[in-house]
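As C-alpha cells, the structure follows; a few thoughts come after it.
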Amino acid sequence: MPKNKTIKFGTDGWRGIIAEDFTFENVRLCAQAAADYLKDSGAADKGLVIGYDTRFASEDFARATAEVICGNGIKVYLCDKTTPTPVISYGTVAKKAGGAVVITASHNPAQWNGFKFKSADGASAPTEVITRIEKNIGKSSVKTITIAEAEKQSLIKHIDLAPLYYNQLKKFIDLDKPAGKKLKIVIDSMYGAGSGYFKMLLKNSGHHIIEINAGRNPAFPGIRQPEPIAVNLDRLSVKIKEEKADIGIATDGDADRIGIMDENGNFLTQLQVFALLALYLLEIRGQRGAIVKTITTTNMLHRLGEIFDLPVFETAVGFKYVAPVMLKEDALIGGEESGGYGFRGHVPERDALLAGLYFLDFMAKSGKTPSQLLDYLYSKVGQNHYDRIDIEFPEEQRQAIIKRVGNNSPQALDGSKVVKKDGFDGFRFTLEDTSWLLIRFSGTEPLLRIYAESNSPQRVETLLQLGREMAGV
C-alpha cells in the first residue's frame, strides 16, 4: 500500500483541511499506523484512549479511529462526549493506557481538523514517536471492525473522564472550600471542548461564573479561529465591561491553551501570564523548582530565576520539547508562547483549566486584580511587552525567506546592539538591552511568525516591522 503523501506530522500531530486531506481514509491510515506503533513498542496490551473536540464530525473521526484500533485487537477507551485535551491526557495516565489519540485541530480555523497522538504519560508524543508513526503510514493494510463488533468482543469501553480529572485537580486546588475573595468571572470557551468545565470545577467555590460562546458550534461564529489571543476576544472584552467582572478567561478549541483578560477588558499577553503563574507558584504557594520555557517566551522568567535562585531551561517551540525537560528536571512549571502551561505533579502537558484555576487562586489569595498583579510582577522584574505577527506566504517562497533572513546579520536593531544571533529554532536576534526578535515558520500552520519582546509597546512594534523587512514579506 503506497504511503499517502498528504499526511505529515508537525509540531503537535497531523492537521489537515476537512474533506480535502483530512478524510476518513486518511484518518484510518493514521490509526493503523498508530496501532502498528503500539504493537511494535509493546504497549498494545495497555489499550488506547480516544477523545475528540467540538469540530465538524470529530466524533465520527474518533469512531473511525476506534474501529481501526479495535480491528487490530487493541482495547479502546472512547470518550462518550467532547472532551478537553488535558482531560484526555490525564485520563491516559489514570487508565494506564499505552497512549491516546485526540481528534482536534486545537486553535486552527474551522475548516481544519487534526490527529494528535499522546504518549503513555499524557504528554505530546516526542519526535521519535511521531516519526515512527508517520513512517508506518501505508505500510500495512487497514484492519477495521464495527463499534458494535468491538463492543461484543469487549474491545471498547465508552468512558467519561471528567470525574477522574476533577478528583485529580482537587490535589492542587481546594475546589470545595476555596480561600480568599469571591470573584465574578467571564469564561469564553470559544465554542470548544472546554465549554462548561470551569462551571463544573468551580460549582462550590462561591465565584460567579458567566459563560459566553458556550456549547458546540463547529463554525466558531464571530471568531476568526478558536485561539485565545486578543484579536479573537472582542466579545469577551465587551462582556467583562458590561458585567463589571473581575477577570475574563478564554480557552482554545481543545482547552489546552488559555487567554486572560483583566478587569478592564484588556488582554494580558501569554508571556505576562506565564510569568505571573510562575510568580504565583513561587510566592503564594512557596514552591521551588526549575522553569522550562520555549525560546518564544519571556525574559521575565530568567529574571524570576535570578531572584529566586532557580534554573531556567530553554527549548525549541512545541510542548513535546518542553515535557521531557520538565520530567527530567522535576520542573515547577513549563510553558510556551501560545498560552500553554504545564505544572509539576500533573501531566507533563498544557492544561488551560488548571492554569485558569491557579490564576484565580492568585487573585483570590492576593486580593489583587489582574492589572494589579501585572504591576506587582513589573515591580520585581521590570516592564516587558510582547507581540507577534503571523504572515501567510506562498510555500514556494519558503527557501527564499530562509535565505534572506539567514544572510542578514545586523549590527544593531532600533539603536540597540545585536549581541547574539542564533538559529536554534528559526532566527533569533538578542539585543544588548535584553530585547529580542525571532523569525520562524509555524510548525502547525502555513504561516511565518515574527515575535518580539522589549520594554515598551512602541519598541515591540518597531522590532516586528524590522523583522518583516528582513524576511521581505
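Do the conditions hold for Ile210, that is, is it more than 15 Å from Gly253 (Cβ to Cβ), open to solvent by less than 50 Å² (accessible area, probe 1.4 Å), at pLDDT 95 or above and in contact with a Lys or Arg (Cβ under 9 Å, 6 or more places away or on another chain)? Yes; evaluated as a whole, the condition is true for this residue. The condition of being of a type in the set (Asp, Glu), closer than 28 Å to Lys96 by Cα and modelled with pLDDT of 95 or more holds for only one of Asp309, Asp375, Asp330, that being Asp330. Number of residues in region 337-359 that are open to solvent by 10 Å² or more (accessible area, probe 1.4 Å) and assigned to a strand (DSSP E or B): the value is 0. Count of region 110-169 residues, restricted to those that are polar (S, T, N, Q), outside any helix (DSSP H, G or I) and open to solvent by less than 60 Å² (accessible area, probe 1.4 Å), is 4. Of all the residues in region 193-207, those that are assigned to a loop (DSSP other than H, G, I, E, B), touching a residue at least 24 places away in the same chain (Cβ under 8 Å) and open to solvent by less than 50 Å² (accessible area, probe 1.4 Å) number 6. Among the residues of region 21-31, the ones that are open to solvent by 20 Å² or more (accessible area, probe 1.4 Å) and touching a residue at least 60 places away in the same chain (Cβ under 8 Å) come to 1 in all. Residue-level check: of (1) under 21 Å from Arg428 (Cα atoms); (2) surrounded by fewer than 24 Cβ atoms within 10 Å (Cβ to Cβ), Val325 misses just (1).
Considering only residues that are within 14 Å of the chain's Cα centre (by Cα) and among the β-branched types (Val, Ile, Thr), look in region 74-124 and name the one that is nearest to Gly16 (Cα to Cα). The extreme case among them is Thr104. Do you know which residues across region 84-107 are touching a Phe, Trp or Tyr at 6+ places or on another chain (Cβ under 6 Å), assigned to a loop (DSSP other than H, G, I, E, B) and open to solvent by 10 Å² or more (accessible area, probe 1.4 Å)? Residue satisfying the conditions is Lys95 alone.
Tell me yes or no: at least one residue of region 271-289 is aromatic (Phe, Trp, Tyr), over 17 Å from the mean Cα position of the chain (by Cα) and outside any helix (DSSP H, G or I).
There is no residue in region 271-289 that is aromatic (Phe, Trp, Tyr), over 17 Å from the mean Cα position of the chain (by Cα) and outside any helix (DSSP H, G or I).
When Ala179 is tested against (1) surrounded by 17 or more Cβ atoms within 10 Å (Cβ to Cβ); (2) more than 25 Å from Thr85 (Cβ to Cβ); (3) not hydroxyl-bearing (Ser, Thr, Tyr), exactly one condition is not met: (1). All of (1) more than 19 Å from Asp387 (Cα to Cα); (2) of a type in the set (A, V, I, L, M, F, W, C); (3) at pLDDT below 95 hold for Ala471 with one exception: (1). The requirement of being among the acidic types (Asp, Glu) and free of Cβ contacts under 8 Å to residues at least 24 places away in the same chain is satisfied by Asp375.
Listed by position, the helices (runs of 4 or more DSSP H) inside region 360-473 whose residues that are open to solvent by 20 Å² or more (accessible area, probe 1.4 Å) and closer than 30 Å to Ile209 by Cβ number at least 3 are 370-381.
Going through (1) among the acidic types (Asp, Glu); (2) surrounded by fewer than 22 Cβ atoms within 10 Å (Cβ to Cβ); (3) under 22 Å from Asn108 (Cα atoms) one by one, Asp309 falls short only on (3).
The single condition from (1) open to solvent by 30 Å² or more (accessible area, probe 1.4 Å); (2) under 24 Å from Arg350 (Cα atoms) that Ala34 fails is (1).
Scanning region 255-303 for residues that are more than 17 Å from Leu373 (Cβ to Cβ), open to solvent by 10 Å² or more (accessible area, probe 1.4 Å) and in contact with a Phe, Trp or Tyr (Cβ under 8 Å, 6 or more places away or on another chain) returns Arg288, Asn299. Can you confirm whether Ile50 is within 20 Å of Gly192 (Cα to Cα) and either open to solvent by less than 10 Å² (accessible area, probe 1.4 Å) or modelled with pLDDT of 95 or more (or both)? The answer is yes for Ile50.
Residue-level check: of (1) touching a helix residue (DSSP H, G or I) at 6+ places or on another chain (Cβ under 7 Å); (2) in a loop (DSSP other than H, G, I, E, B), Lys81 misses just (1). Here Thr6 does not fit the description of being modelled with pLDDT of 95 or more and either over 24 Å from Ala148 (Cα atoms) or in a loop (DSSP other than H, G, I, E, B) (or both). Taken together, Leu463, Leu447, Leu413 contain a single residue that is of a type in the set (A, V, I, L, M) and either within 17 Å of Ile295 (Cα to Cα) or in contact with a Ser or Thr (Cβ under 7 Å, 6 or more places away or on another chain) (or both), which is Leu463.
Considering the conditions (1) in contact (Cβ under 8 Å) with a residue 24 or more places away in the chain; (2) within 21 Å of the chain's Cα centre (by Cα), Val231 is excluded by exactly one of them, (1).
The values are calculated or read from the model by the stated rules, or taken from the named source; none is laboratory data. No experiment lies behind these values; they were computed from the predicted model shown. When we count neighbours, we look across all protein chains shown, and the Cβ atoms used for this are built from the backbone with ideal geometry, even at glycine. In case anyone asks, the SASA skips ligands and DNA or RNA and just uses the protein heavy atoms, side chains included. Shrake-Rupley method; radii C 1.70, N 1.55, O 1.52, S 1.80 Å.
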